[in-house]
Amino acid sequence: MCGIQKLLLRCVAMAFVGIGCFQVSYAQTVTLIDPGTDNRIAEIQGLSINGLTYDATFHYGTNFNGLTDPLTFAGNSIFDFSQSEAAAEAVASAVGTLPALPGSTGGVLVPNFVFGNLLTLAYIPRQTDYTQWDPSDVRFAIANRNVALPSDFAWATFQEAVAAVPEPSGLALALMLATGTIFLRGRRRVMASHSGSKG
């Protein structure tokens, strides 16, 4: 294999490495139920919690038992709140970026550890407005699983976000096509010169 072909192969390999090194990024978005009419939070997408990305859904006017397969952020014991605290802090950080809106959610509860009819939880207490939400406001409590929340409080449930596989950039594709074409032309020339020298 000649030096030009080796160089071209390196270029193709670098293009593939470049495509493989795309970083997946999640945009964090807060969605309201009906902006202007019902300013309660419906969901938050792209929450970063302990190095993973989650989407959070808010559930109003229900008890914990009414939630469908809720993901809890349980720690190593009933009173280890480190995981649910991180989740509640991430929610508070996202909500705190919203502008002042009337009739905003009073607070949110993040399930921590379920035992019997009770569960421990991290929560953001009632705030006057979204601009007041702050990670330093996270509190902890024990609650009955059957107690329904008032309409301005929500349970937050979480699901790990799945990112779409990123498409290779146009530049990387063009580089791959160009180097592949040059490689094939070079190979044809080499083959033609070999066949010509034999005759």
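Couple of notes before you dig in:
- Scan of the stretch 101-116 for residues that are assigned to a loop (DSSP other than H, G, I, E, B) and in contact (Cβ under 8 Å) with a residue 12 or more places away in the chain, ordered by number: Leu101, Pro102, Gly103, Ser104, Thr105, Gly106
- Once the stretch 117-144 is narrowed to residues that are in a loop (DSSP other than H, G, I, E, B) and open to solvent by less than 60 Å² (accessible area, probe 1.4 Å), the residue that is modelled with the highest pLDDT is Val138.
- The stretch 66-82, residues that are within 26 Å of Ser104 (Cβ to Cβ) and either open to solvent by 40 Å² or more (accessible area, probe 1.4 Å) or without any contact (Cβ under 8 Å) to a residue 12 or more places away in the chain (or both): Gly66, Thr68, Leu71, Thr72
- So Thr53, is it open to solvent by less than 60 Å² (accessible area, probe 1.4 Å), modelled with pLDDT of 90 or more and more than 12 Å from Ala154 (Cα to Cα): yes
- Note on the stretch 42-61: residues that are assigned to a strand (DSSP E or B), more than 16 Å from Gly106 (Cα to Cα) and not hydrophobic (A, V, I, L, M, F, W, C) amount to 6.
- Scanning the stretch 50-80 for residues that are among the β-branched types (Val, Ile, Thr) and more than 27 Å from Asn117 (Cβ to Cβ) yields one hit, Thr53.
The values are calculated or read from the model by the stated rules, or taken from the named source; none is laboratory data. All of these numbers come straight from a predicted model, not from anything done at the bench. Methodologically, a virtual Cβ is constructed for each residue, glycine included, from the backbone with ideal geometry; neighbour enumeration extends over all protein chains shown. Keep in mind that these areas ignore ligands, DNA and RNA; they rest on the heavy atoms of the full protein, side chains included. Shrake-Rupley method; radii C 1.70, N 1.55, O 1.52, S 1.80 Å.
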